[in-house]
Ligand code: UDX
């Protein structure tokens, strides 16, 4: 590790796993390059700092009158758009104060790295204390290109398109179809529009963008974005594959049980199914998934988060005796260490909602995907996985009945001679190569470090 004594980077993640995980991985990369790291984290979903002993954590409390500032604001039942609105409103003022306090203490603060979703407010706060701000975009460049086109797409009427046109092309953004546009079901589409445009403007006003992607995967999309944004770009992903000096992960009893079960399966025989940390499904869809996985007759490992199935606690809507009938053939768990699961030789297929982290993690392990996107960037990612990189097949949510699931799983599990498995291995190799000496991501990381160090000269 290089020593950069007294140089500190302050990071401000959005408090969802799909955003926190890449931010903490990036923190590990900075730490390995000799920087100290302070994470400013909302009281909402505050992590256990003892799991990350290399970093200093500060809580951003909220300023809601009459509530304990360290409590979690009331958000139950809110859709994603309202939740993000509430988080932005609730925490921005105390972020400003906490940042100011950090900057006035001990070490030289080199820069702030804030999640792009926080938007322009973090720019104002950073300016007030004279600190430069970099943005971490946790999603891919292809989806960002679509977000950046929101004003144009709105003017052209794409967001009010009738169902009959959903399969039509978005001429301005090939290869996207209208149904791939990164929207989310919400009662407040104007607020979604504001969040997205604030994110894009916040990127434009930053001192640079750090991407969890790599050139061989998204070269054209990165170039396209960079020609419209006059800020430096640093595609240094995949973050989780960089060497860093994080302490070895301790495995709990459940992790060990899953590894033992995977160890007993044939190579590339297991279907791993997970829809990330935010998506939810109707009870009816849940039952179709359960029966489809069972009927495929492949061993499966399925993550069902408490809260995944709307209106239920966990598995109570499964038919009586379902798990007993499956026996050792299938496992349903509340959460897994996904990086370990995807890297296990027994895993042959990932049925995913195509969150960007899941997409990158699967690509890095050469695991083909079945794509069932639920909202926002997941739809764009799915189109690229299926039609551009051609490392997966789409199974649309509206088509998710048990017969279709069985059929898609079976066909994705056999090598149909269409080259999909070879392409998966080729991308895995590209991901490895970009992190090797003189690989694109290693070079961009060197540039990023020089860029940060230039801020105080
Ligand atoms: C959210 C958005 O939904 C997604 O569209 C966006 O790209 C990122 O933010 P999420 O839905 O949680 O993310 O999906 P994803 O991006 O795939 O992130 C999930 C993270 O949780 C991954 O890093 C994955 O490894 C981890 N995970 C998931 C686990 O470690 N265990 C699990 O059981 C499930």
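Every number here is computed from the coordinates shown, using simple stated rules; none is lab data. All values derive from a computational prediction rather than experimental measurement. FYI the Cβ positions are ideal-geometry reconstructions off the backbone, even for glycines, and counts take in every protein chain you see.
Observations on the structure shown:
- More than 17 angstrom apart: percent of Cα pairs within region 4-70: 41 percent
- Taking every C-alpha pair closer than 8 Å and separated by at least 6 residues, the mean separation divided by the residue count of the chain gives a relative contact order of 15 percent.
- Förster-model FRET efficiency, 51 Å R0, residue 297 and residue 56, C-beta, rounded to 0.05: 0.50
- Note on the chain: Kirkwood radius taken over Cα pairs, Stokes-Einstein applied at 25 °C and 0.890 mPa s, translational D equal to 107 µm² s⁻¹.
- Structural descriptor for region 13-71: relative contact order 29 percent, calculated from alpha carbon pairs under 8 angstrom and at least 6 residues apart.
- Between the beta carbons of residue 450 and residue 404, assuming R0 = 60 Å, the FRET efficiency works out to 0.70 to the nearest 0.05.
- Long-range Cα-Cα pairs in region 333-441 (distance over 18 Å), rounded percent: 50 percent
- Axis angle, to the nearest 10 degrees, between helix 402-413 and the longest C-alpha principal axis of the chain: 70 degrees.
- Residues residue 259 and residue 329, FRET efficiency given R0 of 22 Å [Cβ-Cβ distance, rounded to 0.05]: 0.80
- Counting only DSSP H runs of at least 4 residues, each contributing -39500 (n - 2.57), and dividing by the residue count of the chain, the helix-based mean residue ellipticity at 222 nm comes to -13000 deg cm²/dmol.
- Cα-based helix-to-principal-axis angle, 420-435 vs the chain, degrees rounded to 10: 20 degrees
- Whether region 357-412 is rounded, prolate or oblate, judged on the alpha carbon gyration tensor where a/c under 1.5 counts as rounded: oblate
- The chain: angle of helix 80-104 to the longest principal axis, Cα-based, in degrees nearest 10: 30 degrees
- Cα-based shape type of region 149-268, given that a ≥ b ≥ c are square roots of the gyration tensor eigenvalues and the cut on a/c is 1.5: prolate
- Peptides 221-228, 374-381, 73-80 ordered by average Cβ neighbours within 10 Å, highest first: 374-381, 221-228, 73-80
- Extension reserve of the residue 337-residue 442 stretch, reckoned as 0.36 nm per residue once the Cα distance is removed: 35.2 nm
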